[in-house]
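The structure appears right after this line, and notes come after that.
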Amino acid sequence: MDDHSLEEFRRRWQEELAQAQALRKRRRPEAAERRARRPEVAPGRGEQASGYLALAQGLLEGAGRPPAARATRAERQGAASRSRSPPAREGAGGGEQLVDQLIRDLNEMDDVPFFDIQLPYELAINIFQYLDRKELGRCAQVSKTWKVIAEDEVLWYRLCQQEGHLPESSISDYSCWKLIFQECRAKEHMLRTNWKNRKGAVSELEHIPDAVLCDVHSHDGVVIAGYTSGDVRVWDTRTWDYVAPFLESEYEEDEPGMQPYVSFVRINSSLAVAAYEDGFLNIWDLRTGKYPIHRFEHDARIQAVALSQEDATVATASAFDVVMLYPNEEGYWHIAAEFEVQKLVDYLEIVPDTGRYPVAVATAGDLVYLLKAEDSARTLHYVYGQPVTCLDVSANQVAFGVKSLGWVYEGNKILVYSLEAERCLSKLGNALGDFTCVNLRDSPPNLMVSGNMDRRVRIHDLRTDKIALSLSAHQLGVSAVQMDDWKIVSGGEEGLVSVWDYRMNQKLWEVHS
């Protein structure tokens, strides 16, 4: 309670006390006459109320004086005993009214919505942004004021973004983000239920006749494929568009069948990238058209290509050079960084969420490089005679498989490094076969999934450095694996694709290519 409220409270109490004392003086002769006619009784509720009144008055008067001038405990007890004496009974009604008024005043102070008086609306939104959907629902039931705050569009738009619903949308795209959030969750629940109940259909994308598929990649329901004919196709499975358009290249049309075949394809939410056997790289903007917006040429064949999932950074490896490409503010593409390595690059990945300067990780034989745009290439890991067999990165870690060779056989392992400290955090697994694939980026926190030539899929617990689950998944080696918060998708060399619910250790789907 601030000073102004305390003074107002004291003033009101003084007025009530004066009125009660005047009432006692007027009724004192009548009260003495009634006491003379009736027997003496024990102190009742009126006397107790008068004692409470005297105690409250002493506290209020003492609040305005320094501690040294306040009444002692003995004095307060004496005042309370005097207030319980028979003459004070005449003011019982006034004391009860004052105590009731005190209780009512305190209740009114508790019932005031503090956001209406002390906090502006914007500050209330900043406080509510730390609540999840269940807590916002509870707050909306408190009062009308809290309901307006808890259903603000900014809060529900942030919840949609945090849970991965409509990540490319802006807050002005929809008028009711709470309803959009509910619809997205209902759709997600339906899809998960269909996965578990094995409800669904397998659809085939229309391929190019008389051409061999060279590489395929997907992002958020959009699939890109490259062929030996040099053609690049894109399918949008979200709109059931299974007859995909071609992405045109800049090769002469009068040379049919003479285009170099596609080596690598990558795609994200806005860009598509294709690398060709002759060292050329085409970049398309999926929002503007089917013709490339940039074309880059290497002197030799491209060994690896990486495309950031968050922005427009592209990394390529050719011969002993690694190049990072990025558009400037005007939209013109340029070389953001260039590195020289000692061996031919086998795997290349771009680290997500690095801010202004892009960061990549490349493996070349038994070397692992950390490539930062503002720095030179640094060796993250090197053990002679132990080549790297797979690679994946997250925002702050990198995981790669190493093959153990030589006289001292230690078993094939997966090493997990910290990108910030640039040191090894964990050595996982001890398998006889080579680790052929690993998925760290999409796995839940503190978990990672890997595939091995021994036909098994393993879930690794990064907290204990132990294997949490091992599945006998395929008849031949595992060629691809991916994981989310409840299921695993694995592909084998025999052409089998399997979907597992790893919490129940149960296979849900099995599709043959």
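See the values below:
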read-out: Paramagnetic reach from K199 in segment 499-513 [backbone N under 17 Å; point 7 Å along Cα→Cβ]; value: 508-509
read-out: Length gained when the stretch N430-V216 is fully extended (0.36 nm per residue, less Cα-Cα span); value: 73.9 nm
read-out: Pairwise FRET efficiency - V154 versus H512, Cβ, R0 = 41 Å, nearest 0.05; value: 0.30
read-out: In nm, spacing of pseudo-spin labels at M190 and I125 (7 Å Cα→C-beta vector); value: 3.2
read-out: Probe 1.4 Å, protein heavy atoms only - accessible area per residue of segment 125-235 in square angstrom; value: 63
read-out: Kirkwood Rh in Å, taken over all unlike Cα pairs in segment 247-377; value: 15.2
read-out: Segment 280-325: relative contact order as a whole-number percent, Cα under 8 Å and 6+ apart; value: 26
read-out: Listed peptides 203-214, 499-510, 365-376 by packing density, highest first (mean Cβ within 10 Å); value: 365-376, 499-510, 203-214
read-out: Out-of-range pairs (alpha-carbon distance over 30 Å; input K196/K466; K178/K487; K178/K466); value: K178/K466
read-out: Zero-based 5 Å bins, Cα pair distances in segment 310-449, whole percents; value: 2, 10, 20, 22, 19, 13, 8, 4, 1, 1, 0, 0
read-out: Efficiency of FRET from Cβ geometry, R238 and E493, R₀ 25 Å, rounded to 0.05; value: 0.25
read-out: Dipole magnitude of segment 131-221 about its Cα centre (Cβ charges: Lys, Arg +1; Asp, Glu -1), debye to nearest 20; value: 880
read-out: Among 412-421, 189-198, 286-295, the order from most to least packed when residues are scored by Cβ within 10 Å on average; value: 412-421, 286-295, 189-198
read-out: Segment 413-473: projected area of the alpha-carbon convex hull, averaged over directions, in nm²; value: 4.1
read-out: Value in Å of the Kirkwood radius, where segment 379-513 supplies the Cα pairs that are averaged; value: 15.0
read-out: Fully extended contour minus Cα-Cα distance, from R356 to E15, at 0.36 nm per residue; value: 115.9 nm
read-out: Å² of accessible area per residue within segment 427-513, as computed with a 1.4 Å probe and no ligands counted; value: 48
read-out: Euclidean distance of C-alpha centroids, segment 353-391 and segment 471-513, integer Å; value: 29
read-out: Rounded D (µm²/s) - segment 312-364, Kirkwood Rh over Cα pairs, Stokes-Einstein at 4 °C, 1.567 mPa s; value: 111
read-out: Descending semi-axes in Å of segment 123-181, equivalent ellipsoid built from Cα gyration tensor; value: 20, 11, 10
read-out: Size of segment 163-219 as Cα extents on the principal axes (Å, biggest first); value: 50, 32, 16
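The values are calculated or read from the model by the stated rules, or taken from the named source; none is laboratory data. Bear in mind the structure is a predicted one, so any value in this text is a computation, not a measurement. Note: ideal-geometry Cβ built from the backbone for every residue, glycine included; neighbour counts use all protein chains shown. In case anyone asks, the SASA skips ligands and DNA or RNA and just uses the protein heavy atoms, side chains included. Shrake-Rupley method; radii C 1.70, N 1.55, O 1.52, S 1.80 Å.
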